[in-house]
1. Given the residues Leu144, Leu152, Leu171, which is the only one that is surrounded by 18 or more Cβ atoms within 10 Å (Cβ to Cβ) and either modelled with pLDDT of 95 or more or more than 16 Å from the ligand (Cβ to nearest atom) (or both)?
2. Among the residues of the stretch 90-102, is any hydrophobic (A, V, I, L, M, F, W, C), assigned to a strand (DSSP E or B) and farther than 25 Å from Leu25 by Cα?
3. Got at least one residue in the stretch 83-96 being near the ligand (Cβ under 8 Å from one of its atoms) and more than 12 Å from the chain's Cα centre (by Cα)?
4. Taking Gly160 and the conditions (1) in contact with an Asp or Glu (Cβ under 8 Å, 6 or more places away or on another chain); (2) on the phi > 0 side of the Ramachandran plot, which numbered condition does it fall short on, given that it satisfies the others?
Amino acid sequence: MLSELIKTDRLILRVFSLVDVEDVLSYASDPEWARFLPVPQPYTRADAEKFVAGQVLKDRKTRASWAIEYAGSVIGGIDIGFNFDHRVGEMGYSIARRFWGKGLTTEAAGAVIDESFSAYPDLNRIRAGADERNVGSLRVMEKLGMVREGVLRQDQYLRGEFRNMVWCGLLRDEWEARKNR
Ligand SMILES: CC(C)(COP(=O)(O)OP(=O)(O)OC[C@H]1O[C@@H](n2cnc3c(N)ncnc32)[C@H](O)[C@@H]1OP(=O)(O)O)[C@@H](O)C(=O)NCCC(=O)NCCS
């Protein structure tokens, strides 16, 4: 089972709690944050409540999420879902716009990758996908050592347009090689 609490140099990753609704609403109601995410627009308090309740009720064996806490506030979230038959995990993340570009998502995602490969010795691969225009997200994947594997054309239909999705993956062997560098 994945740890419910992960500490990094600057962040605390911990399970969401119902008291986080206000923090989630404050970053998720920013349309720039939502641009590449399949979330409701406009994003209301009810949406934040539904999101947080969903995280609290999650079966952490197959899909684990963490609130990203920085200096006492929740500034984002990160999750990973598993298909244990195929030994694959799929990760997603987001943080509030005012914290972009400080390396915080790379720090959080690196910790979740380490935790996942360590906790599940059979896990062989972690993948993540992003809209091809989401330069920041694709750069996070690159900094994590993930390999750009392909583009799924018009794979998402969101807010009236089809979106091309770039998929990246990190194999256990590659993760181990990076650790031992
Ligand atoms: C995508 C996202 C998670 C990145 O988070 P972040 O904390 O800014 O990521 P990091 O700081 O760890 O790394 C971002 C990198 O992208 C780069 N970057 C961001 N926007 C860029 C742009 N428009 N052009 C070039 N580089 C860009 C940053 O410079 C940084 O690279 P560097 O460290 O080499 O300078 C954040 O922007 C976000 O939450 N966006 C909204 C939700 C979202 O899109 N989630 C991902 C869905 S796939």
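1. So the residue among Leu144, Leu152, Leu171 that is surrounded by 18 or more Cβ atoms within 10 Å (Cβ to Cβ) and either modelled with pLDDT of 95 or more or more than 16 Å from the ligand (Cβ to nearest atom) (or both) is Leu144.
2. no
3. Yes, there is a match, as at least one residue in the stretch 83-96 is near the ligand (Cβ under 8 Å from one of its atoms) and more than 12 Å from the chain's Cα centre (by Cα).
4. (1)
The values are calculated or read from the model by the stated rules, or taken from the named source; none is laboratory data. Here the structure is a predicted model, which means the values were calculated and not measured. Virtual Cβ from ideal backbone geometry, glycine too; neighbours counted across all protein chains shown.
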